[in-house]
Amino acid sequence: MRFEISKVMDAIEGRVCTDPNLARAVLDLAEVVRYQDLDGGRPANLLRLGMVIDALVRHLEEDNVPVYAVVHRALLSDADLTSNERMVVRRWADDGLVEVLDNPGDRMLEVADLLGLPVLTRARLDGLRGRYPWVAEQPGRVLAPVAGAGGPTLTAHVGGGTVPVSGTPSLAGAQLLARLWRCAEPGCALFGGGGGGGAFADLARVERSPSGQAPPTLRPGAPTCPRHGSRLNDAGARPRTQVLAVRIGGLTRRRFVLTSDEPVLVGRAPEQSGGIMLGQWLNDEARRWISRSHLQFELRVGEVIVTDLSTNGSGIRPGGSMDEAERIPLAPRQSRVLGPGDMVELYPGVQVGRAGELPTGAAFNPTSVMAEAPTMAMRLPRP
Ligand SMILES: [Zn+2]
């Protein structure tokens, strides 16, 4: 395998997950890899997933956005992919990063309905509008990835816009996500012991924990494993979570999940596994100011508690206010409960807050998931 390709694949791998806390859109991987007009290349090409993810990032104006991919099992042995691409998809399947199905049917729409996510597809969904009215009614909820002048772009099936719009999780989705589920099939990647494919220490990957377990399917009328078709057992209450986001220079760089299981460290380069490393996005001054482990976040009885572990201290911006007079200093070793809308500021312009409360997009300059792609793979269709 060529080194550059393997780096692109690693970058794309960090953007696929079945975690309801983090996924920002649903797509059918077998469909996306065949969007030949995106690059004019081979009949099936896994790099097209990266192009579609880049389009999603541009239109959401937020960096490091993961997608929830549903995959027909046939793609794992599809001769139009290279053997390396098949190996990569198989690994994603084994790790539970994508959902592999013998009969995907309308699973993509079911996931979007349960989680309230937008759908990226070119498929006409005419027959499913009765079951999922938002397909026809909510502008921006279903978007087609298409070739555009400056690279792949998105265009909404309804309303013609380009910005993906989320809905609210359905009532059934909210009920399913309140519990943990266990599949009787040994080694089930989605609903096995611990609820996921195991913990990854690699920061480039989206971490998995029981709170990130995929939603079961309800098509047979009861919670069922979409992969194995077996009825799932209720394995107790799902741990509470809070999704936090890091914003740097006005752009949300990444989200992360806080659970009551363990605190999360945020800083220039925290040594703790699962820590959120900011160093790669900071200028020299910010890098000098911000400590390796600068802040600790904990979730206790639903409250987000932030503790400063740094040398230089931090500040709280109450309700997200950018008024300097309202900034509350957070001295080293000091703790504070994060109120509604509050942001913690490690350094001017470097902030952490609840994901839904941080506006993003200013001075937008996302990192392409394809940044390392060789020019051959990046060839765009002629206008
Ligand atoms: Zn299963």
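With respect to the numbered conditions (1) closer than 20 Å to residue 121 by Cβ; (2) touching a residue at least 60 places away in the same chain (Cβ under 8 Å); (3) in contact with a Lys or Arg (Cβ under 9 Å, 6 or more places away or on another chain); (4) not in a helix (DSSP H, G or I), which one is the sole condition not fulfilled by residue 43? With (1) closer than 20 Å to residue 121 by Cβ; (2) touching a residue at least 60 places away in the same chain (Cβ under 8 Å); (3) in contact with a Lys or Arg (Cβ under 9 Å, 6 or more places away or on another chain); (4) not in a helix (DSSP H, G or I) applied to residue 43, the lone miss is (2).
Considered as a group, the residues in region 1-36 that are touching a residue at least 60 places away in the same chain (Cβ under 8 Å) and among the β-branched types (Val, Ile, Thr) include one that is farthest from residue 215 (Cα to Cα), and that residue is 5. Listed by first and then second residue, the pairs with beta-carbon distance under 6 Å, at least 6 apart or on different chains, first residue in region 164-186 and within 16 Å of the ligand (Cβ to nearest atom), second of a type in the set (Phe, Trp, Tyr) and assigned to a loop (DSSP other than H, G, I, E, B), are 181/191; 182/191; 183/191.
Filtering region 182-196 to residues that are open to solvent by 30 Å² or more (accessible area, probe 1.4 Å) and at pLDDT below 85 leaves 193, 194. Only one of these conditions is not met by residue 304: (1) modelled with pLDDT of 95 or more; (2) in contact with a Gly (Cβ under 8 Å, 6 or more places away or on another chain). Which number is it? Single failed check for residue 304: (2). For region 92-104, residues that are over 16 Å from the mean Cα position of the chain (by Cα) and closer than 20 Å to residue 20 by Cα total 5.
When region 229-244 is filtered for residues that are within 11 Å of the ligand (Cβ to nearest atom), open to solvent by 70 Å² or more (accessible area, probe 1.4 Å) and either part of a loop (DSSP other than H, G, I, E, B) or within 29 Å of residue 276 (Cα to Cα) (or both), nothing remains. Scanning region 100-131 for residues that are hydroxyl-bearing (Ser, Thr, Tyr) and open to solvent by 10 Å² or more (accessible area, probe 1.4 Å) yields a count of 0.
Selection of region 21-48 for residues being open to solvent by less than 30 Å² (accessible area, probe 1.4 Å), farther than 16 Å from residue 85 by Cβ and out of contact with any Ser or Thr (no Cβ under 7 Å at 6 or more places or on another chain) yields 22, 23, 25, 26. One residue stands out in region 245-257 among those that are in contact with a strand residue (DSSP E or B) (Cβ under 8 Å, 6 or more places away or on another chain) and among the hydrophobic types (A, V, I, L, M, F, W, C): the one that is farthest from the ligand (Cβ to nearest atom), namely 248. Take the residues of region 206-228 that are touching a residue at least 60 places away in the same chain (Cβ under 8 Å), of a type in the set (A, V, I, L, M, F, W, C) and within 16 Å of the ligand (Cβ to nearest atom): which is most open to solvent (accessible area, probe 1.4 Å)? Across region 206-228, the extreme among qualifying residues is 218.
The values are calculated or read from the model by the stated rules, or taken from the named source; none is laboratory data. In this text the structure is predicted, and so the values were computed from the model without any measurement. Reconstructed Cβ throughout: ideal geometry from the backbone, glycine too, with neighbour counts over all protein chains shown. Accessible surface is based on the protein model in full, side chains and every heavy atom, while ligands, DNA and RNA are left aside. Shrake-Rupley method; radii C 1.70, N 1.55, O 1.52, S 1.80 Å.
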